[in-house]
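The values are calculated or read from the model by the stated rules, or taken from the named source; none is laboratory data. Source: prediction; values computed, not measured. Virtual Cβ from ideal backbone geometry, glycine too; neighbours counted across all protein chains shown. Each accessible area value is taken on the protein alone, full model and side chains, heavy atoms only, with ligands, DNA and RNA left out. Shrake-Rupley method; radii C 1.70, N 1.55, O 1.52, S 1.80 Å.
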Amino acid sequence: MLLFEGVYKTFSSGDKRVEALEDINMQVEQSEFAVIVGPSGCGKSTLLQIAAGLEHPTAGKAYLNDTEITGPGADRGMVFQAYTLFPWLNVADNVAFGPRQKKMPEQEVQERVNRYLEVTGLLKFAKLYPKALSGGMKQRVAIARALANDPEVLLMDEPFGALDAQTRVVMQELLLQIWETDHKTVLFITHDIDEAILLADTVHVMSRQPGSIKKTLSIPLARPRDHSLTLRPEFIGLKKEILELIWEESKAAAQEF
Ligand code: ADP
Ligand code: MG
């Protein structure tokens, strides 16, 4: 379980202070797919960086399975919007990187690599280098690489944000399929409300800066899911509820100008 307890984050440089997060209390249960949505600049990435151990709270604490998060670790797999593959390694070696770091026996490394190249549809591309891949393919590799480490939690920060709409749909369905077999604990960030509802067990809506959790909604839609769900009345009802929360935030922000 991933837990944030009274987390605040203030960035200061010189006499400039940015209050990014304010009193975040939330938890992601084992095998839960949790999604955070919120306006740009509300602190979503900062919160994920704290879970990753790459940023530290100004106050409060984050825990993974009752252990305080104090730095990065292989128990948390990360997938970001920007493509973060090693350009000097081919697809298979990018995926093998984590298990090799852990000194896993090479035969086991190969088994893992094959398994995750298969689930992400990359087997045919194992020998290609990142520069030969499209954006969608690179994100498949990034997902395979994160999963090959068998992390406790997958942390995903707008992983499909840079992809075109078609590719995005394909990647969302791929992630749904992987999750059906794997049931990883996931904390996923997006500002795309359809994406949030389609993927999530739970959606946490954040308020504008300084970000706090404005509302937590559970998404009781049956699985397995695919895009046909987005046309269903239950889906549209949830979308309306979330959009209204986000519009409240934008209106309040507009009045401050
Ligand atoms: P989001 O991901 O929701 O768009 P971020 O977490 O990236 O928001 O940023 C939240 C706020 O914190 C923004 O105002 C941003 O400018 C500020 N911020 C983020 N990282 C830093 C940093 N390293 N130094 C100073 N300010 C930062
Ligand atoms: Mg962000």
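Got at least one residue in segment 42-50 being modelled with pLDDT under 95 and outside the structural domain of Leu117 (by TED's automatic domain parsing)? Checked segment 42-50: at least one residue is modelled with pLDDT under 95 and outside the structural domain of Leu117 (by TED's automatic domain parsing).
The residue that is farthest from Val186 (Cα to Cα), among those in segment 73-104 that are open to solvent by less than 20 Å² (accessible area, probe 1.4 Å) and without any contact (Cβ under 8 Å) to a residue 60 or more places away in the chain, is Asn90. Which members of segment 127-155 meet the condition of being open to solvent by less than 20 Å² (accessible area, probe 1.4 Å) and not in a helix (DSSP H, G or I)? Residues satisfying the conditions are Leu133, Pro151, Val153, Leu154, Leu155. Listed conditions (1) within 18 Å of Val119 (Cβ to Cβ); (2) open to solvent by 20 Å² or more (accessible area, probe 1.4 Å) are all met by Glu244, apart from (1).
For segment 159-177, the candidate set comprises residues that are closer than 16 Å to Met78 by Cβ and surrounded by 20 or more Cβ atoms within 10 Å (Cβ to Cβ); within that set, the residue that is nearest to ligand 2 (Cβ to nearest atom) is Pro159.
Every residue, every condition in (1) assigned by TED's automatic domain parsing to the domain that holds Leu64; (2) over 21 Å from the mean Cα position of the chain (by Cα); (3) more than 16 Å from ligand 1 (Cβ to nearest atom), yes or no:
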{"site": "Asn90", "(1), (2), (3)": "no, yes, yes"}
{"site": "Gln101", "(1), (2), (3)": "no, yes, yes"}
{"site": "Arg112", "(1), (2), (3)": "no, yes, yes"}
{"site": "Leu123", "(1), (2), (3)": "no, yes, yes"}
{"site": "Leu128", "(1), (2), (3)": "no, yes, yes"}
{"site": "Lys138", "(1), (2), (3)": "no, no, yes"}
{"site": "Ala146", "(1), (2), (3)": "no, no, yes"}
{"site": "Gln166", "(1), (2), (3)": "yes, no, yes"}
{"site": "Val169", "(1), (2), (3)": "yes, no, yes"}
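His183 falls short on exactly one of the conditions (1) open to solvent by less than 10 Å² (accessible area, probe 1.4 Å); (2) under 30 Å from Glu108 (Cα atoms); (3) not β-branched (Val, Ile, Thr), and that condition is (1).
Is there a residue in segment 48-56 that is open to solvent by 70 Å² or more (accessible area, probe 1.4 Å) and over 20 Å from the mean Cα position of the chain (by Cα)? No, segment 48-56 contains no residue that is open to solvent by 70 Å² or more (accessible area, probe 1.4 Å) and over 20 Å from the mean Cα position of the chain (by Cα). Given the condition over 29 Å from Glu173 (Cβ atoms), in contact with a strand residue (DSSP E or B) (Cβ under 7 Å, 6 or more places away or on another chain) and open to solvent by less than 90 Å² (accessible area, probe 1.4 Å), answer yes or no: does some residue in segment 212-233 qualify? The answer is yes; a qualifying residue exists. Could you please let me know if Gln107 is polar (S, T, N, Q), modelled with pLDDT of 95 or more and either under 14 Å from the mean Cα position of the chain (by Cα) or surrounded by fewer than 17 Cβ atoms within 10 Å (Cβ to Cβ) (or both)? Yes: the conditions hold for Gln107. Taking the criterion of being part of a strand (DSSP E or B) and surrounded by fewer than 19 Cβ atoms within 10 Å (Cβ to Cβ), the residues of segment 3-21 that qualify are Glu5, Gly6, Tyr8, Thr10, Phe11, Ser12, Ser13, Lys16, Arg17, Val18, Glu19.
For segment 183-213, the set of residues classified as under 25 Å from Glu256 (Cβ atoms), hydrophobic (A, V, I, L, M, F, W, C) and out of contact with any helix residue (DSSP H, G or I) (no Cβ under 9 Å at 6 or more places or on another chain) consists of Ile213 only. Just one of the numbered conditions (1) outside any strand (DSSP E or B); (2) away from ligand 2 (no atom under 16 Å from the Cβ); (3) among the small types (Gly, Ala, Ser); (4) open to solvent by less than 30 Å² (accessible area, probe 1.4 Å) is not true of Ala62: (1). Checked against (1) more than 16 Å from ligand 2 (Cβ to nearest atom); (2) assigned to a helix (DSSP H, G or I), Glu195 passes all but condition (1). Determine, yes or no, whether Ser31 is within 16 Å of ligand 2 (Cβ to nearest atom), assigned by TED's automatic domain parsing to the domain that holds Thr216 and exposed (fewer than 14 other Cβ atoms within 10 Å of the Cβ). Answer is no for this residue.
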